[in-house]
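Peer 1: So that we are looking at the same thing, I have put the structure below in structure tokens.
Since every read-out is calculated from the coordinates, none of them should be taken as a lab result. Just so it is clear, the structure is predicted and the values come from calculations on it, not from any experiment. Glycine gets a Cβ as well: all are built from the backbone with ideal geometry, and neighbour counts include every protein chain shown.
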Amino acid sequence: MSGRISSALELKGNRIACTKCGEDLGPAENGWKSGAIMKERPMNNAGGVSYRSRDHVLLRLFFCPGCGKQLGTETAMKDDPYLEDILKAG
Ligand SMILES: [Zn+2]
């Protein structure tokens, strides 16, 4: 099994890799975010949009540990687990 997951991620066998540098981001079944560098920012600093009543909402940015390419983002509540993009067979 192989192929593009997104512009930044591709599947190689059962591993997920960066499309830019080929960095291995871990087994597909675990999701790729645990293999990426994650930075959190409060949403009230993102895009000039005010989320004053929702300071606990975070924007998470994920970067390749090999080349620094941004792999993806998600919004999450503080202390939430990652929203894993688990690949489901079939
Ligand atoms: Zn990379």
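Peer 1: With each label point set 7 Å from Cα along the Cα-Cβ vector, what nm distance links residue 75 and residue 40?
Peer 2: 1.7
Peer 1: Please report the net charge: other residues with Cβ closer than 12 Å to the Cβ of residue 61, K and R +1, D and E -1.
Peer 2: Working: positive: 33, 39, 41, 60, 69; negative: 40, 74.
Combined, the nearby Lys, Arg, Asp and Glu give +3.
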